[in-house]
1. Given the chain, what whole percent of its Cα pairs are spread farther than 31 Å?
2. Once phi is turned into θ = phi - 60°, what whole-Hz ³J(HN,Hα) does the Karplus curve with 6.51, -1.76 and 1.60 give for every residue of the range 348-355, x standing for Gly and Pro?
3. Rounded to whole Hz and in sequence order, give me ³J(HN,Hα) for the range 264-270 from the Karplus expression 6.51 cos²θ - 1.76 cosθ + 1.60, θ = phi - 60°, writing x for Gly and Pro.
4. In terms of modelled amide H atoms, which long-range or inter-chain residues lie less than 5 Å from the amide H of Arg218?
5. Amide H of Val358: which non-local residues (sequence gap of 5 or more, or other chain) have their own amide H closer than 5 Å, using H built in the peptide plane?
6. So, by mean Cβ neighbours within 10 angstrom, what's the order for 256-262, 470-476, 227-233 with the highest one leading?
7. Rounded to the nearest 10 degrees, what's the angle between the helix 164-193 long axis and the longest principal axis of the chain, both from Cα atoms, 0 to 90?
8. Please report, in debye to the nearest 20, how large the charge dipole of the range 158-219 is about its Cα centre when each Lys and Arg carries +1 at its beta carbon and each Asp and Glu carries -1 there.
Amino acid sequence: MTTETEPTGTSTTGTSTTGTSTTGTSTTGTGAPPGPAARRDVPWLAAGATFLAMLDATAANLAVADLHADFPGSTLSGLTWVITLYAVLFAALLAPAGRFADLVGRRSLYLWGTGLFTLASLACAVAPNVPVLLATRAAQGAAAAALIPASLALLLHDTPPERRARSIGLWSAAGAFAAAIGPGLGGVLVDLSGWRSLFVINVPIGLAMLLGGRRLPRAEGGAGRLPDLAGTVLLAAGVGGVALGVTQSRDWAWTDARTLALLLGGAVLAALALWRSARHPVPALEISLWRNHRFAAANAASFLYGTALYAWLLVGVLYLTTEWHYSIVKAGFASTPGAFTATAAAIATGRLTARLGVRPAVTGGALIMVGCGVWAVAALPAEPHFLTFWLPLGLVVGTGMGMMTTGTATGAALSAGPLRFAGATGLNTTARQLGGALGIAVLAALLPERAAPGDYTSVYLFCTIAAAGAAAVGLLLAARPAKP
């Protein structure tokens with residue numbers, strides 16, 4: 001199975017490939033190759049897209065109380081749908097969005113996704129009531145699903161093969177930084193300016209991305225028809241049903257008929273989508289990707305990593321505010337240092353995987369998380385010990401998270417051919433988001449309403465077990481980088 005291959009008909013050195021089709025080639029409106037300025041913009045525009053999408057996946061976690069103060073007629077469980085809807089639409093539409101980016105054009109999907117995300121963020125910020133907020137939050141999640149595969153495909157198609165792993169490192173670093181800093185930054189913004197500020201900050205970033213995106217060379221996808229519409233709807237509904245069932249288990253319980261209906265119904269719809277994809281000439285899901293055991297292993301590792309990541313990020317903020325009695329602002333700042341080590345580790349890992357392969361990144365990063373989990377389970381203090389416990393723990397676990405983020409994304413993207421970069425990325429991020437939904441649901445099940453320190457160590461133990469599973473799966477990934 002090929003891993004990192006040259007894009008057919010794609011220019012990687014600034015000159016067109018002689019004797020090949022121009023389908024899928026980055027060109028300007030006049031047919032000229034992209035200029036150096038446009039190529040320099042691509043990494044930052046791609047990083048901005050993943051930063052926005054991942055930031056809004058975690059930043060709203062601490063906004064529920066402030067939302068309840070503004071909308072006292074709504075229940076707390078009802079307001080958690082502000083988080084749930086984004087997560088469900090994000091996870092459900094990632095794979096279809098990746099398929100569309102491969103076929104209809106990464107630049108077009110990037111611009112449409114950025115525009116919708118920016119507009120939906122503004123609508124969230126000015127929402128007059130909860131129904132409007134929920135509708136605009138769902139639109140924001142759908143737009144985020146478009147940004148992830150489109151941005152990485154945009155980056156990789158305009159990057160020479162020998163630099164792709166490094167480019168994925170930068171892209172992953174932005175996502176790792178956003179996911180790690182999200183709960184803390186969200187808490188600070190909510191405390192200082194209210195929940196609406198969580199969405200206002202997206203608007204200027206989104207507008208800047210739109211302006212930069214319009215300067216990108218036109219680069220359309222592969223030839224052929226759009227993917228199977230019925231299969232796409234089945235796939236999105238199936239993934240969404242499973243994600244919603246796992247997320248709502250925190251309120252409904254795993255044995256509730258509604259939870260079971262969502263889980264089983266989602267699984268059936270996803271199975272139907274797989275069945276159609278195996279037989280349709282233009283499938284909604286590239287089944288052939290899963291025949292590559294390295295791609296399958298990268299997605300399994302991503303699922304387990306997401307399970308540990310999202311539970312770890314949320315339980316930390318809860319412990320600081322509940323047991324150590326930190327304010328939301330103080331807890332936000334206390335959670336920030338790990339975001340910087342995650343970013344640095346993601347960038348460094350992107351450079352190292354070009355020489356060492358992805359196995360050391362995934363397994364090594366997961367083992368770092370395992371070590372930190374053991375430390376938390378064994379020594380989680382009931383009283384505040386920021387400098388001697390929380391700070392070093394956060395710095396070290398952030399390193400593992402950065403390595404895992406880049407390693408799993410690189411393993412998935414480079415195990416697919418260049419014309420399927422976006423589809424592979426969408427599936428990999430879907431796996432991580434589904435794992436995150438499971439992790440949050442397990443956290444809710446392990447933490448009673450009046451949790452004791454021992455309940456929090458149970459969550460850290462769960463994160464440790466999930467990270468250990470990711471380390472084991474990482475051993476199936478490539479030990480050496482693919483040759484350009």
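1. On the way: 44993 of 116886 pairs.
For the chain, the fraction of Cα-Cα distances above 31 Å is 38 percent.
2. Ordered by residue, 3J(HN,Hα) equals 4, 5, x, 6, 6, 5, 5, 10 Hz.
3. Each residue's phi maps through the Karplus curve to give 5, x, x, 5, 5, 5, 5 Hz.
4. Close amide H contacts, sequence-distant or interchain: Thr27, Thr28, Gly29.
5. Amide H to amide H, under 5 Å and 5 or more residues apart or across chains, Val358 pairs with Ala478.
6. Numbers: 256-262: 15.1, 470-476: 20.9, 227-233: 18.3.
Listed from highest to lowest mean packing, they are 470-476, 227-233, 256-262.
7. Taking Cα atoms only, the helix is inclined about 30 degrees.
8. Working: 7 positive and 3 negative charges, 65 e Å.
Approximately 320 debye in magnitude.
Here, each number is a calculation from the coordinates, and none is a lab measurement. Not measured: the values here are computed from a predicted model. Every residue, glycine as well, gets a Cβ built from its backbone with ideal geometry; the counts of neighbours run over all protein chains shown.
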